[in-house]
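The values are calculated or read from the model by the stated rules, or taken from the named source; none is laboratory data. This is a predicted model, so every value here is computed, not measured. Ideal geometry is used to build each Cβ from the backbone, glycine not excepted, and the neighbour counts take in all protein chains shown.
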There are 2 protein chains.
Amino acid sequence: MITSTSNAKVKELLNLQKKAKLRNEKKVFVVEGLRMFSETPRERIVQVYLSESFHSKKGKQLNLSGLTVEILSDTVFSYVSDTKSPQGILCIVKQNDYIIEDVMKAERAHILMLENLQDPGNMGTIMRTAEGAGVTGILMSRDTVDIYNPKVVRSTMGSIYRIPFLYVEDFLAAAKVVKAAGIRIFAAHLDGKDTYDRQDYLGGTAFLIGNEGNGLTPEAAEAADTWIRIPMHGKVESLNAAIASAILMYEVCRQRGE
Amino acid sequence: MITSTSNAKVKELLNLQKKAKLRNEKKVFVVEGLRMFSETPRERIVQVYLSESFHSKKGKQLNLSGLTVEILSDTVFSYVSDTKSPQGILCIVKQNDYIIEDVMKAERAHILMLENLQDPGNMGTIMRTAEGAGVTGILMSRDTVDIYNPKVVRSTMGSIYRIPFLYVEDFLAAAKVVKAAGIRIFAAHLDGKDTYDRQDYLGGTAFLIGNEGNGLTPEAAEAADTWIRIPMHGKVESLNAAIASAILMYEVCRQRGE
């Protein structure tokens with residue numbers, strides 16, 4: 001059992017929770033809690049950490065065969081946990097390794113293209129909703145919040161394992177690849193002439209969604225085939241990015257009868 | 001200028017931020033920031049507090065005529081603020097005083113009935129989206145999160161001033177009143193037979209939305225005319241309450257061509 005916060009493994013674990021750079025170098029991320037443990041494909045689990053009390057109370061009920069398990073004292077576990085009331089189980093998990101073809105391979109594409117989204121809660125909720133709406137892949141600009149951020153991972157509720165996604169260095173170049181595949185790009189834009197429900201999403205469809213405060217950059221908006229807007233009553237100037245995405249994604253479902 | 005955190009006004013301000021009971025006794029709530037100040041109807045502002053540095057830098061640009069203004073030292077202002085980086089302006093504002101007829105008075109009702117929603121961010125986002133979707137009123141069960149909670153107020157982005165809402169002691173009795181007014185009640189329910197987009201929302205419509213973790217109580221679900229569900233692909237078991245509400249509310253807009 002590890003009882004010291006200056007243990008090398010503990011230090012690395014804490015850094016993996018906090019530093020996107022280290023996560024990307026090591027190509028791993030950290031997931032916490034029983035729910036996420038059970039959602040994680042076993043072959044991707046690099047290491048399991050249990051708190052001492054979790055291990056003594058519930059360790060025997062878990063199937064940990066074939067996994068490398070380490071016990072941490074409760075104090076050390078709290079120290080490395082990203083949650084206020086840790087359940088007592090966390091894992092280091094291999095990152096996904098998708099290429100753009102994975103994101104676009106579906107017969108009838110339904111893609112999200114996220115530019116510079118910053119709120120971890122929004123990002124996780126978008127991914128969870130996207131799975132529910134049958135989205136086939138997600139492309140993100142390099143400056144979008146790290147999907148392996150512990151808060152994002154938690155709020156995806158496991159969808160992170162089931163939807164192909166990719167950060168792209170050159171967002172505009174990726175838009176060209178998407179277009180070249182015959183997928184139509186719709187930008188959610190306050191200046192869109194047509195409302196979102198007047199367009200046809202039966203063919204391959206991608207939605208461009210911009211930053212929470214600033215919307216899409218002019219360059220990204222230019223890359224779209226069509227600008228669409230969500231009508232807003234009252235004095236509302238914009239909708240939350242996760243809400244706007246959900247309305248668009250579920251309109252695709254509705255039209256496709258999915 | 002008030003420079004002590006033990007000043008009686010400062011103590012009351014802090015209590016108003018933290019305690020729903022005191023807010024409801026005094027029939028006021030606290031709003032923070034320039035945006036919320038400008039959204040607030042002036043006749044409802046009881047008192048304005050400015051931080052010393054806000055007052056010296058920006059105080060003259062604000063129209064504060066007719067308002068009671070008090071200056072707080074920056075330290076005291078931070079002490080009473082609910083935000084990490086306070087802008088330096090907050091107001092005590094009179095609560096709304098709606099009755100159920102206000103919530104139902106629209107010619108073509110579009111109502112949300114929220115049962116025991118608990119997440120302040122969800123609640124604020126729902127209210128903001130509701131205004132955008134043209135919702136005509138919101139009814140809430142007594143155990144729903146306090147709408148005057150500072151986090152809710154902030155995330156409504158001003159919608160709190162523009163949508164009639166009411167907490168009801170007896171949620172089932174309120175459902176009867178809604179039905180008696182010829183408004184159809186649809187419960188968002190995982191066991192709904194029909195998907196939400198197969199129903200007609202051209203007439204008066206109310207949506208019953210349940211608690212984030214547990215959904216609707218059986219009694220509330222029983223009170224609905226129809227159960228509807230939002231289709232979910234993949235392994236998603238439920239959608240976030242604000243997301244589910246948004247999909248339903250915008251389907252009403254779509255059908256009504258609003």
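Worth a mention:
- Evaluation of residue B:51 against (1) within 15 Å of residue B:32 (Cα to Cα); (2) in contact (Cβ under 8 Å) with a residue 40 or more places away in the chain; (3) surrounded by 17 or more Cβ atoms within 10 Å (Cβ to Cβ) (one fails), failing number: (2)
Yes/no matrix, rows are residues, columns are (1) of a type in the set (A, V, I, L, M, F, W, C); (2) within 14 Å of chain B (Cβ to nearest Cβ):
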position: A:85; (1), (2): no, no
position: A:119; (1), (2): no, yes
position: A:122; (1), (2): no, yes
position: A:127; (1), (2): yes, yes
position: A:136; (1), (2): no, yes
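- Residues satisfying the stated conditions in the range B:92-127, i.e. hydroxyl-bearing (Ser, Thr, Tyr) and either in contact with a Cys (Cβ under 9 Å, 6 or more places away or on another chain) or surrounded by fewer than 24 Cβ atoms within 10 Å (Cβ to Cβ) (or both): B:98
- Test: residue in the range A:171-194 that is buried (at least 18 other Cβ atoms within 10 Å of the Cβ) and more than 23 Å from the chain's Cα centre (by Cα): yes
- Positions within the range B:145-164 being out of contact with any Asp or Glu (no Cβ under 6 Å at 6 or more places or on another chain) and either crowded, with 22+ Cβ neighbours inside 10 Å or within 19 Å of residue A:244 (Cβ to Cβ) (or both), in sequence order: B:147, B:152, B:153, B:155, B:156, B:157, B:160
- Within the range A:239-251, residues that are within 17 Å of residue B:196 (Cα to Cα) and touching a residue at least 60 places away in the same chain (Cβ under 8 Å) have Cβ atoms under 7 Å from residues that are of a type in the set (Ser, Thr, Tyr) and crowded, with 24+ Cβ neighbours inside 10 Å in these pairs: A:246/A:129; A:249/A:129, counting only partners at least 6 apart in sequence or on another chain.
- Residues that are within 13 Å of another protein chain (Cβ to nearest Cβ) and touching a Lys or Arg at 6+ places or on another chain (Cβ under 9 Å), drawn from the range A:161-179: A:161, A:162, A:164
- When A:21, A:26 are checked against the criterion of being more than 15 Å from residue A:77 (Cα to Cα), surrounded by 14 or more Cβ atoms within 10 Å (Cβ to Cβ) and either touching a residue at least 24 places away in the same chain (Cβ under 8 Å) or not acidic (Asp, Glu) (or both), A:26 stands alone in meeting it.
- For the range B:242-252, the set of residues classified as out of contact with any Phe, Trp or Tyr (no Cβ under 6 Å at 6 or more places or on another chain) and at the interface with another protein chain (Cβ under 7 Å from one of its Cβ atoms) consists of B:242, B:243, B:246, B:250, listed by residue number.
- From the options A:191, A:200, A:143, residue that is part of a loop (DSSP other than H, G, I, E, B), more than 10 Å from every other protein chain (Cβ to nearest Cβ) and in contact with a Phe, Trp or Tyr (Cβ under 8 Å, 6 or more places away or on another chain): A:191
- Qualifying residue in the range B:95-109 (condition: in contact with a helix residue (DSSP H, G or I) (Cβ under 6 Å, 6 or more places away or on another chain) and at pLDDT 95 or above): no
- When residue A:205 is tested against (1) more than 19 Å from the chain's Cα centre (by Cα); (2) β-branched (Val, Ile, Thr); (3) at pLDDT below 95, exactly one condition is not met: (3).
- Residue that is nearest to the other protein chains (Cβ to nearest Cβ), among those in the range B:216-241 that are surrounded by fewer than 21 Cβ atoms within 10 Å (Cβ to Cβ) and under 10 Å from residue B:115 (Cβ atoms): B:221
- Any hit, the range A:218-236, residues being free of Cβ contacts under 8 Å to residues at least 60 places away in the same chain, within 17 Å of residue A:182 (Cβ to Cβ) and polar (S, T, N, Q): yes
- The residue that is nearest to residue B:33 (Cα to Cα), among those in the range B:140-152 that are out of contact with any helix residue (DSSP H, G or I) (no Cβ under 6 Å at 6 or more places or on another chain) and of a type in the set (A, V, I, L, M, F, W, C), is B:147.
- Test: residue A:213 is in the same structural domain as residue A:136 (by TED's automatic domain parsing), surrounded by fewer than 21 Cβ atoms within 10 Å (Cβ to Cβ), modelled with pLDDT of 95 or more and not in a helix (DSSP H, G or I): no
- Failed criterion for residue B:89 (all others in (1) crowded, with 18+ Cβ neighbours inside 10 Å; (2) within 18 Å of the chain's Cα centre (by Cα) hold): (2)
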